[in-house]
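Every number in this text was worked out from the coordinates using simple rules, so none of it is lab data. These figures come from a predicted structure and were not determined experimentally. Quick reminder, even Gly has a Cβ in these numbers, built from the backbone with ideal geometry, and neighbours come from all protein chains shown.
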Amino acid sequence: MGTIIMGSIYISKKEVARILNISPSSVTRWSKEKPDFPKPFLFGSNKVVWDLREIENYINEQKKKRGFWGHKPQKKAWCQQKSIKD
């Protein structure tokens with residue numbers, strides 16, 4: 001008896017980009033710069049893929065870190081001066 005694989009669990013960079021709503025170049029950059037981002041592997045002589053389960057796990061880990069990490073943008077000085085004069 002052989003093993004039946006239901007759907008591919010290995011996905012291309014383009015598919016990773018679609019799932020995360022980022023560009024393919026961001027997928028490459030994140031793979032190099034973010035230590036917790038899943039790393040691709042060579043599948044054959046010239047096919048690079050990611051494991052879908054690792055991408056899903058990454059997303060679930062990011063959900064645990066929810067919150068607003070940015071800062072409210074400050075108004076430019078010229079905007080404040082203009083509103084004072086008006």
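General observations
- Straight-line reach from residue 14: taking Cα to Cα under 15 Å and skipping same-chain neighbours fewer than 8 places apart, the aspartates and glutamates in range are 51.
- A simple spin-label model places pseudo-atoms 7 Å from Cα toward Cβ; at residue 28 and residue 54 they are separated by 1.8 nm.
- Two-site FRET efficiency, residue 65 against residue 43, from Cβ-Cβ distance with R₀ of 30 Å, rounded to 0.05: 0.50
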